[in-house]
Amino acid sequence: MLKCLPAVGRAELVDLSADRQARCNNGLFKIMFYIYAISSIKRNYIYVGLTKDIEQRVLRHNQGREKTTRAYRPFELIYYEQVDNSRVEARKREKYWKSGVGKEQLRNIRDKHNLPK
(Lines give C-alpha, C1' and ligand atoms only; values in the text may rest on other atoms or scores of the structure.)
Protein backbone atom coordinates (compact mmCIF):
# COMPACT_ATOMS: atom_id res chain seq x y z
CA MET A 1 0.00 0.00 0.00
CA LEU A 2 1.25 3.46 -0.88
CA LYS A 3 1.60 5.89 1.98
CA CYS A 4 1.45 9.64 1.61
CA LEU A 5 4.45 11.34 3.11
CA PRO A 6 4.68 15.01 3.98
CA ALA A 7 6.47 17.18 1.44
CA VAL A 8 10.11 17.96 2.13
CA GLY A 9 11.86 21.19 1.23
CA ARG A 10 10.68 23.02 -1.88
CA ALA A 11 8.35 20.16 -2.84
CA GLU A 12 5.62 21.66 -0.67
CA LEU A 13 5.21 24.41 -3.25
CA VAL A 14 3.90 21.95 -5.85
CA ASP A 15 0.11 21.75 -6.15
CA LEU A 16 -1.34 18.27 -5.78
CA SER A 17 -4.29 17.33 -7.92
CA ALA A 18 -7.57 17.24 -5.99
CA ASP A 19 -7.76 13.48 -6.58
CA ARG A 20 -4.29 12.81 -5.20
CA GLN A 21 -4.91 15.18 -2.31
CA ALA A 22 -8.12 13.29 -1.43
CA ARG A 23 -6.24 9.96 -1.43
CA CYS A 24 -3.56 11.38 0.84
CA ASN A 25 -6.09 12.86 3.25
CA ASN A 26 -8.15 9.74 3.82
CA GLY A 27 -8.06 10.16 7.57
CA LEU A 28 -4.60 8.70 8.20
CA PHE A 29 -3.25 12.11 9.07
CA LYS A 30 -4.43 15.68 8.93
CA ILE A 31 -2.69 18.28 6.79
CA MET A 32 -3.04 21.86 7.91
CA PHE A 33 -2.41 24.73 5.57
CA TYR A 34 -1.89 28.29 6.72
CA ILE A 35 -2.57 31.44 4.78
CA TYR A 36 -0.44 34.19 6.23
CA ALA A 37 0.32 37.86 5.76
CA ILE A 38 3.55 39.53 6.79
CA SER A 39 4.21 43.24 6.80
CA SER A 40 7.57 44.90 6.32
CA ILE A 41 8.53 46.83 9.43
CA LYS A 42 10.55 49.40 7.45
CA ARG A 43 8.60 49.78 4.20
CA ASN A 44 5.04 49.82 2.88
CA TYR A 45 4.85 46.18 1.80
CA ILE A 46 2.51 43.32 2.67
CA TYR A 47 3.17 39.79 1.46
CA VAL A 48 0.54 37.02 1.44
CA GLY A 49 1.51 33.36 1.22
CA LEU A 50 0.50 29.76 1.85
CA THR A 51 2.45 27.18 3.86
CA LYS A 52 2.26 24.09 6.01
CA ASP A 53 4.75 25.40 8.62
CA ILE A 54 4.04 29.03 9.40
CA GLU A 55 6.85 29.59 11.92
CA GLN A 56 9.50 28.21 9.58
CA ARG A 57 8.12 30.16 6.63
CA VAL A 58 8.16 33.53 8.40
CA LEU A 59 11.68 32.75 9.62
CA ARG A 60 12.77 32.10 6.01
CA HIS A 61 11.37 35.48 4.96
CA ASN A 62 13.18 37.27 7.80
CA GLN A 63 16.46 35.47 7.05
CA GLY A 64 16.33 36.68 3.44
CA ARG A 65 16.00 33.17 2.03
CA GLU A 66 13.08 34.17 -0.21
CA LYS A 67 14.07 36.28 -3.20
CA THR A 68 10.66 37.94 -3.54
CA THR A 69 10.69 39.46 -0.05
CA ARG A 70 14.42 39.83 0.66
CA ALA A 71 14.55 43.59 0.01
CA TYR A 72 11.67 44.31 2.40
CA ARG A 73 13.04 42.67 5.57
CA PRO A 74 12.40 42.56 8.52
CA PHE A 75 8.79 41.35 8.71
CA GLU A 76 6.12 40.95 11.31
CA LEU A 77 3.32 38.41 11.04
CA ILE A 78 0.08 40.42 10.95
CA TYR A 79 -2.48 37.75 10.02
CA TYR A 80 -2.90 34.03 9.52
CA GLU A 81 -5.70 31.53 9.16
CA GLN A 82 -5.76 27.75 9.12
CA VAL A 83 -7.40 25.51 6.51
CA ASP A 84 -7.64 21.77 7.22
CA ASN A 85 -6.97 19.11 4.58
CA SER A 86 -7.73 21.16 1.48
CA ARG A 87 -4.97 22.82 -0.48
CA VAL A 88 -7.56 23.85 -3.08
CA GLU A 89 -9.58 25.74 -0.45
CA ALA A 90 -6.39 27.22 0.99
CA ARG A 91 -5.41 28.56 -2.47
CA LYS A 92 -8.84 30.17 -2.82
CA ARG A 93 -8.36 31.94 0.52
CA GLU A 94 -4.82 32.99 -0.43
CA LYS A 95 -6.10 34.49 -3.69
CA TYR A 96 -8.76 36.41 -1.77
CA TRP A 97 -6.18 37.95 0.59
CA LYS A 98 -4.01 38.89 -2.41
CA SER A 99 -6.95 40.68 -4.06
CA GLY A 100 -7.62 44.40 -3.68
CA VAL A 101 -10.33 43.87 -1.07
CA GLY A 102 -8.19 41.43 0.90
CA LYS A 103 -5.12 43.67 0.81
CA GLU A 104 -7.22 46.59 2.04
CA GLN A 105 -8.36 44.53 5.04
CA LEU A 106 -4.74 43.57 5.72
CA ARG A 107 -3.72 47.25 5.64
CA ASN A 108 -6.42 47.95 8.23
CA ILE A 109 -5.09 45.12 10.41
CA ARG A 110 -1.54 46.43 10.04
CA ASP A 111 -2.62 49.95 10.91
CA LYS A 112 -4.37 48.74 14.09
CA HIS A 113 -1.00 47.38 15.22
CA ASN A 114 0.64 50.75 14.46
CA LEU A 115 3.19 49.20 12.10
CA PRO A 116 4.98 51.45 9.60
CA LYS A 117 3.25 52.02 6.28
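Remark: accessible surface ordering of E55, E104, E66 (largest first) is E55, E104, E66, probe radius 1.4 Å. Positive contributions from Lys and Arg (+1) and negative ones from Asp and Glu (-1), summed over other residues with Cβ under 14 Å from the Cβ of K98, come out at +3.
Here each label is just a point 7 Å from Cα along the line to Cβ, and for E76 and K95 those points are 3.2 nm apart. For region 32-100, the solvent-accessible area with a 1.4 angstrom probe is 54 square angstrom per residue. Shown here: region 50-117, whose C-alpha atoms stretch 32, 27, 18 Å along the first, second and third principal axes, sorted largest to smallest.
Counting Lys and Arg as +1 and Asp and Glu as -1 over every other residue whose Cβ lies under 15 Å from the Cβ of N62, the net charge comes to +4. Only protein heavy atoms count here; on that basis, with a 1.4 Å probe, S86 has an accessible area of about 30 Å². Other residues with beta-carbon under 10 Å from the beta-carbon of I41 carry, at +1 per Lys or Arg and -1 per Asp or Glu, a net charge of +2.
The values are calculated or read from the model by the stated rules, or taken from the named source; none is laboratory data. Since we're looking at a predicted model, the values are computed, not measured. Reconstructed Cβ throughout: ideal geometry from the backbone, glycine too, with neighbour counts over all protein chains shown. Surface areas here come from the heavy atoms of the whole protein model, side chains and all, with no ligands, DNA or RNA. Shrake-Rupley method; radii C 1.70, N 1.55, O 1.52, S 1.80 Å.
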